[in-house]
Amino acid sequence: MDIQQACQAFEQLLLEQQARIEGMDGTKTDFATKAQVTIGIVDGDGIGPIITSQATRVLEKLLAPQIQSGAVKISMIQGLTIENRLAKNKPIPDDVMAALLQCDVILKGPTTTPHGGALESANVAMRRALDLYANCRPVCVPEAGIDWMFFRENTEGEYVLGSRGIELPGMAVDFKVTTDLGTRRIARAAFEYAKNNGKTHVSIVTKANILKKTDGKFTAICHQVAQDYPGITVEDYYIDIMTADLLKPGLREKFQVILLPNLYGDILTDEAAQIQGGVGTAGSANIGDRYAMFEAIHGSAPRMIQRGMGEYADPRSILTAAVLLLRHICRAQEARRLEEAMASCPLTVRSDGSAATCKEYADALLTLL
Ligand code: IPM
Ligand code: MG
């Protein structure tokens with residue numbers, strides 16, 4: 001590619017991004033009044049099928065009356081495997097995408113993302129295709145006074161063109177995209193969450209001192225949205241110092257809602273999950289206006305599978321995602337039952353095999369539901 005071709009490619013990307021903004025719809029699914037809610041279950045790769053099958057048993061028990069009456073339908077969706085995605089050369093094969101579009105909410109096991117190559121991450125493709133713009137990740141350590149909710153922008157930033165960078169001889173360029181509408185809707189989601197959950201403080205995390213256009217816009221729009229929420233205080237943080245401050249007892253307890261662009265959110269939430277006890281304990285909600293998808297925050301753990309330790313995968317990550325799913329479809333009581341059962345379950349799961357297996361943990365949990 002030469003510079004002229006690169007400019008043409010860039011023009012094409014800008015036009016596509018403009019079309020994406022124009023397609024943002026904003027019509028919301030109302031789960032409180034919806035006659036039937038379809039939950040799609042996608043098991044994924046590596047430890048995905050192991051943890052997802054246990055989460056499915058749990059959901060089937062919790063929602064048994066609703067499944068019986070037809071208010072909830074569970075739909076098992078096959079084929080989102082790395083083998084099938086490579087064979088079809090698509091991050092989400094067409095038949096899988098058609099099945100996903102038939103659902104309202106999806107519980108998804110981790111999928112393998114190849115390094116390099118042309119195949120895009122299934123995760124990123126799904127977030128974009130279903131326009132799941134708010135990535136909500138709770139991290140709680142009650143004994144340390146930590147109760148954080150991260151609102152990570154999930155469809156823009158460094159990710160939206162992550163597979164569409166431009167390579168010239170001796171040089172590679174990637175792009176970061178921040179839009180007014182994209183920022184406004186994630187900021188609105190974060191402040192609404194704060195308002196509806198008694199939170200009084202929102203931290204906006206960027207690197208606006210360096211990325212002046214994109215992060216500058218993100219900060220400015222978040223502050224505009226904040227004006228509609230006079231009871232909530234707002235503070236700007238740079239991602240580097242926030243990464244340090246999350247580790248600082250005496251300071252970190254003040255963080256409540258943390259609002260940030262895509263890549264910073266990706267990185268910071270793994271750090272936060274580690275503070276909670278590891279990425280195996282953390283769940284994640286990917287929320288759009290029409291669809292929502294719930295998952296563990298970690299990957300498919302191929303090394304655990306290689307070591308033959310897959311059965312010791314910790315299901316608490318995806319079970320936490322199931323709690324978020326239940327709350328999202330207005331099943332707060334069932335969400336609470338699952339949360340309480342997890343809090344009182346005497347078993348733990350450890351990836352070194354020194355505690356219960358994933359299935360033993362789920363068996364114990366089912367007796368508590
Ligand atoms: C996450 C994951 C994904 C991401 C990967 C699997 C594409 O790390 O959900 O945090 O980078 O967003
Ligand atoms: Mg991540």
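The values are calculated or read from the model by the stated rules, or taken from the named source; none is laboratory data. Since we're looking at a predicted model, the values are computed, not measured. Here Cβ is always computed from backbone atoms with ideal geometry, including for glycine, and neighbour counts include all displayed protein chains. Just the protein is used for accessible areas: all its heavy atoms, side chains included, with ligands, DNA and RNA removed. Shrake-Rupley method; radii C 1.70, N 1.55, O 1.52, S 1.80 Å.
Any residue in segment 270-287 that's within 23 Å of ILE39 (Cα to Cα): show its pairings with residues that are of a type in the set (Val, Ile, Thr) and outside any helix (DSSP H, G or I) at Cβ separation under 6 Å, as long as the two are six or more apart or on different chains.
ALA282/ILE297; SER284/ILE297
Are there helices (runs of 4 or more DSSP H) fully within segment 1-72 with at least 1 residues that are under 21 Å from the mean Cα position of the chain (by Cα)? List them.
Because the criterion is at least 1 residues that are under 21 Å from the mean Cα position of the chain (by Cα), the helices (runs of 4 or more DSSP H) in segment 1-72 that meet it are 3-22, 48-62.
From the list THR206, THR233, exactly one residue is on the phi < 0 side of the Ramachandran plot and open to solvent by 10 Å² or more (accessible area, probe 1.4 Å). Which is it?
Numbers: THR206 fails: open to solvent by 10 Å² or more (accessible area, probe 1.4 Å).
Step by step, each of THR206, THR233 is checked, and only THR233 is on the phi < 0 side of the Ramachandran plot and open to solvent by 10 Å² or more (accessible area, probe 1.4 Å).
Do we find that ALA220 is free of Cβ contacts under 8 Å to residues at least 12 places away in the same chain and in contact with a helix residue (DSSP H, G or I) (Cβ under 9 Å, 6 or more places away or on another chain) in this structure?
On the way: free of Cβ contacts under 8 Å to residues at least 12 places away in the same chain: yes; in contact with a helix residue (DSSP H, G or I) (Cβ under 9 Å, 6 or more places away or on another chain): yes.
Answer is yes for this residue.
In segment 24-81, which residue that is within 22 Å of THR113 (Cα to Cα) and without any contact (Cβ under 8 Å) to a residue 40 or more places away in the chain is surrounded by the most Cβ atoms within 10 Å (Cβ to Cβ)?
Within segment 24-81, the subset within 22 Å of THR113 (Cα to Cα) is 40-53, 76-81.
Narrowing the set further to residues that are without any contact (Cβ under 8 Å) to a residue 40 or more places away in the chain leaves 53, 76-79, 81.
Details: SER53: 18, MET76: 13, ILE77: 19, GLN78: 12, GLY79: 17, THR81: 21.
Ranking the candidates gives THR81 first.
So is GLU271 within 14 Å of ligand 2 (Cβ to nearest atom) and more than 12 Å from the chain's Cα centre (by Cα) or not?
yes
I'm trying to understand the selection: among the residues of segment 120-140, which are open to solvent by 20 Å² or more (accessible area, probe 1.4 Å) and either over 18 Å from TYR291 (Cα atoms) or in contact with a Phe, Trp or Tyr (Cβ under 6 Å, 6 or more places away or on another chain) (or both)?
GLU120, VAL124, PRO138, CYS140 - these are the residues of segment 120-140 that are open to solvent by 20 Å² or more (accessible area, probe 1.4 Å) and either over 18 Å from TYR291 (Cα atoms) or in contact with a Phe, Trp or Tyr (Cβ under 6 Å, 6 or more places away or on another chain) (or both).
Would you be able to say whether some residue in segment 339-362 is closer than 30 Å to GLY182 by Cα, at pLDDT below 95 and β-branched (Val, Ile, Thr)? Even if it seems obvious, please write down each step before you answer.
Initial filter on segment 339-362 (closer than 30 Å to GLY182 by Cα): none.
Looking for residues that are closer than 30 Å to GLY182 by Cα, at pLDDT below 95 and β-branched (Val, Ile, Thr), one finds none in segment 339-362, hence no.
Can you pull out the strands (runs of 3 or more DSSP E) entirely within segment 239-338 that have at least 3 residues that are open to solvent by 10 Å² or more (accessible area, probe 1.4 Å) and in contact with a helix residue (DSSP H, G or I) (Cβ under 8 Å, 6 or more places away or on another chain)? Before the answer, list the steps.
Values: elements: 257-260, 283-287, 292-296.
Those strands (runs of 3 or more DSSP E) do not exist here; none qualify.
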